[in-house]
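Asker: Take this structure first; my questions come after.
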Amino acid sequence: MHKKIISLRRHPEQLNRFLDFFIRHWHNDVIYRNCMTACLNSGSPLPQWYLLMNKDNEIIGGAGLITNDFISRMDLWPWLCALYIEEPYRGNAYGAELIKHIKNETAQLGFDHLYLCTDHVGYYEKYGFEYLDEGHHPWGESSRIYQNSTKE
C-alpha cells in the first residue's frame with residue numbers, strides 16, 4: 001500500500017481534515033482547533049501535526065509533536081502526542097511509521113530526545129522508548145513518561 005505522511009504546516013489547505021481527525025478521536029474541539037490554527041502562523045517550530053494517508057488520500061492515522069502534553073515535567077520537550085491509527089488499519093505497524101517520521105522530524109529540529117506520556121505498557125517500548133518517570137496531570141491523574149533518543 002502506497003502511503004504518505006503530510007504535515008499541517010506544509011499543507012495548511014488540509015486544516016479541516018486535520019481538525020476532523022483529531023477532534024473525532026480525542027474529543028476536544030477547543031484545544032485542537034486553537035492549537036492547529038495558531039501553529040499555522042507561529043514562528044515557533046512547535047507544535048507540528050501529521051497525518052498518515054493511503055494512496056486514495058484516506059486517513060490511516062495521525063499524531064502530533066508538541067511542547068507539553070498536560071504533564072508536570074515542564075523541563076522535557078518535545079512530546080509525541082495523540083497517536084491514533086484508524087481501527088481498520090491496525091496491526092500493520094502504521095503507528096511505527098508515524099513514530100519514526102516524527103522522531104526524524106524531532107532530530108531535524110535539533111532535539112536529542114522525544115518524549116511521550118501514556119498508560120500503555122509494552123507498545124512504545126517496541127519502538128525504542130524507555131520508561132523515564134511518573135508524571136502528573138492537572139486533573140489529578142498520573143501517566144508514565146517515556147523518552148527516545150533521536151540519534152541513530
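The values are calculated or read from the model by the stated rules, or taken from the named source; none is laboratory data. Note that this is a predicted model, so its numbers are computed, not measured. Here Cβ is always computed from backbone atoms with ideal geometry, including for glycine, and neighbour counts include all displayed protein chains. What goes into the accessible areas is simple: the full protein's heavy atoms, side chains included, and nothing from ligands, DNA or RNA. Shrake-Rupley method; radii C 1.70, N 1.55, O 1.52, S 1.80 Å.
Asker: Can you tell me how many residues in segment 116-151 are assigned to a loop (DSSP other than H, G, I, E, B), of a type in the set (D, E) and either in contact (Cβ under 8 Å) with a residue 12 or more places away in the chain or open to solvent by less than 30 Å² (accessible area, probe 1.4 Å) (or both)?
Answerer: Result for segment 116-151: 1.
Asker: Next question, about the same structure. Being of a type in the set (F, W, Y) and touching a Ser or Thr at 6+ places or on another chain (Cβ under 8 Å) is the filter; apply it to segment 65-80 and report the residue that is nearest to Y127 (Cα to Cα).
Answerer: Per the criteria, the residue is W79.
Asker: Hey, another quick one. With the checklist (1) closer than 25 Å to I145 by Cα; (2) free of Cβ contacts under 8 Å to residues at least 12 places away in the same chain in hand, flag the one item N57 doesn't pass.
Answerer: (1)
Asker: So which of L83, L109 ends up being more than 16 Å from G61 (Cα to Cα) and either touching a Gly at 6+ places or on another chain (Cβ under 7 Å) or open to solvent by 20 Å² or more (accessible area, probe 1.4 Å) (or both)?
Answerer: Checking each option against the conditions leaves just L109.
Asker: If you scan segment 85-107, which residues turn out to be farther than 19 Å from S44 by Cβ and either in contact with a Ser or Thr (Cβ under 6 Å, 6 or more places away or on another chain) or in a strand (DSSP E or B) (or both)?
Answerer: Those that are farther than 19 Å from S44 by Cβ and either in contact with a Ser or Thr (Cβ under 6 Å, 6 or more places away or on another chain) or in a strand (DSSP E or B) (or both): I85, K103.
Asker: While we're here: For R73, work out the one condition from (1) basic (K, R); (2) part of a loop (DSSP other than H, G, I, E, B); (3) open to solvent by less than 50 Å² (accessible area, probe 1.4 Å) it doesn't fulfil.
Answerer: Looking at each condition in turn, R73 falls short on (3).
Asker: I want to confirm something. Restricting to segment 8-63 and keeping residues that are of a type in the set (S, T, N, Q) and under 27 Å from P88 (Cα atoms), which single residue is most open to solvent (accessible area, probe 1.4 Å)?
Answerer: So in segment 8-63, the residues of a type in the set (S, T, N, Q) come out as 14, 16, 28, 34, 37, 41-42, 44, 48, 54, 57.
Filter once more, so that each one left must be under 27 Å from P88 (Cα atoms): 14, 16, 28, 48, 54, 57.
Values: Q14: 46, N16: 105, N28: 57, Q48: 19, N54: 9, N57: 68 Å².
By that ranking, first place goes to N16.
Asker: Turning to a different aspect of this structure: Read through the list (1) in a loop (DSSP other than H, G, I, E, B); (2) within 20 Å of E130 (Cα to Cα); (3) modelled with pLDDT of 95 or more, then give the number of the only condition that A82 fails.
Answerer: With (1) in a loop (DSSP other than H, G, I, E, B); (2) within 20 Å of E130 (Cα to Cα); (3) modelled with pLDDT of 95 or more applied to A82, the lone miss is (1).
Asker: Cβ-Cβ distance below 8 Å, separation of 6 or more or different chains: which pairs start in segment 15-35 with a residue that is in contact (Cβ under 8 Å) with a residue 24 or more places away in the chain and in a helix (DSSP H, G or I) and end on one that is surrounded by fewer than 16 Cβ atoms within 10 Å (Cβ to Cβ) and of a type in the set (V, I, T)?
Answerer: From segment 15-35, the pairs are L15/T37.
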